[in-house]
1. So, in segment 16-74, of the ones that are of a type in the set (Gly, Ala, Ser) and outside any loop (DSSP other than H, G, I, E, B), which residue ends up surrounded by the fewest Cβ atoms within 10 Å (Cβ to Cβ)?
2. Select, from 65, 40, the only residue that is touching a residue at least 24 places away in the same chain (Cβ under 8 Å), hydrophobic (A, V, I, L, M, F, W, C) and over 24 Å from residue 117 (Cα atoms).
3. Taking segment 1-10 as the region of interest, how many residues are part of a loop (DSSP other than H, G, I, E, B) and surrounded by 23 or more Cβ atoms within 10 Å (Cβ to Cβ)?
4. Could you grab me the full set of residues in segment 94-124 that are closer than 22 Å to residue 72 by Cα and touching a residue at least 60 places away in the same chain (Cβ under 8 Å)?
5. From the list 149, 143, pick out the single residue that is under 22 Å from residue 73 (Cα atoms), in the same structural domain as residue 166 (by TED's automatic domain parsing), of a type in the set (Val, Ile, Thr) and buried (at least 17 other Cβ atoms within 10 Å of the Cβ).
6. Can you pull out every residue in segment 207-235 that is crowded, with 21+ Cβ neighbours inside 10 Å, outside any helix (DSSP H, G or I) and touching a Ser or Thr at 6+ places or on another chain (Cβ under 9 Å)?
7. Kindly establish whether residue 171 is at pLDDT below 95 and of a type in the set (S, T, N, Q).
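The values are calculated or read from the model by the stated rules, or taken from the named source; none is laboratory data. Keep in mind that this is a model prediction, so the values were computed, not measured. Please note: Cβ atoms are built from the backbone with ideal geometry, for glycine as well, and neighbour counts cover all protein chains shown.
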Amino acid sequence: MSAPWLVGLDVDGTIILQDETMSPGVPEAVARVRDAGHVVTIATGRSWAATERWVEELEIAADHVVCSNGAVTMRRVADGWERWHVETFDPRQVLELLTERLPEAHYMVELGDGTRLFTGEVGDWSLEGGRQVEIDELGALPVSRVVVVSPGHDEEDFHRIVSETGLNEVSYAIGWTAWLDIAPQGVDKGSALARVHAELGIDGGKTLVVGDGRNDIGMFEWARGLGGRAVAMGQAPDEVKDAAGEITGIVEDGGLADALDSLLPHPGLAQVRARE
């Protein structure tokens, strides 16, 4: 075969539906692309604890997986996985700014070793092995991310609050379930995939990334900057579609499977179109 591609896949809204079932055709399409010799991996906002399941179910063979919106990259080792690269920052100023404006919100931080500390239970978070603490304890150590969920606030509210607080020393994304996810400055899925790409020595233009959220824009820009491909899911917000070079179907209709199949020798069967 020709030189392999590096394929980076978002999880929520791309690989899986909101009920955490697999998007139609995705396991089979991942297998086809993997068996064709390409490097298929995951690039997600989820922590490793909430990602490993999908690595196993999809039989991901890649040696690197990007988690926590790029702040954590895992590497396969003989007896499992290790935290290969971790970015952290001091969260105290961020927490002070946000808790002043969102005192009733639920907060979670992820420490460099993967431990999660949280102030309140939220159904969408994987908190197994985490520890509930008082808000003052969240900023005691450097963290790889701060996650905020505030019932009653939507994405527009989060955008306004970010603007008001001037969070210009950290990167942030607003997830598909309207939570705010804050990472170290300059860190996103694209920066992490760039590190993996360099480690693997893959040809620059042979990169394909697929996602549906604002936290995927960084990896879209990275891939396109190399001359690679960035595909937005059909249900993605307009600004995410604008950042992509191509658009596929919605997650409920197996849009990711179509995007993956477009790498194989029968691209005419895949319903992926260039961004107009």
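1. Taking the candidates together, the pick is 31.
2. 40
3. Matching residues across segment 1-10 total 1.
4. Once the filter is applied, which keeps residues that are closer than 22 Å to residue 72 by Cα and touching a residue at least 60 places away in the same chain (Cβ under 8 Å), segment 94-124 yields 94, 110, 114, 116.
5. Result: 143 is the single residue among 149, 143 that is under 22 Å from residue 73 (Cα atoms), in the same structural domain as residue 166 (by TED's automatic domain parsing), of a type in the set (Val, Ile, Thr) and buried (at least 17 other Cβ atoms within 10 Å of the Cβ).
6. Within segment 207-235, 208, 210, 211, 212, 213, 228, 229, 230, 231, 232, 233 meet the criteria.
7. Yes: the conditions hold for residue 171.
Listed here are the residues, each with its yes/no results for (1) assigned by TED's automatic domain parsing to the domain that holds residue 110; (2) of a type in the set (Val, Ile, Thr).
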position	(1), (2)
137	yes, no
155	yes, no
193	no, no
202	no, yes
208	no, no
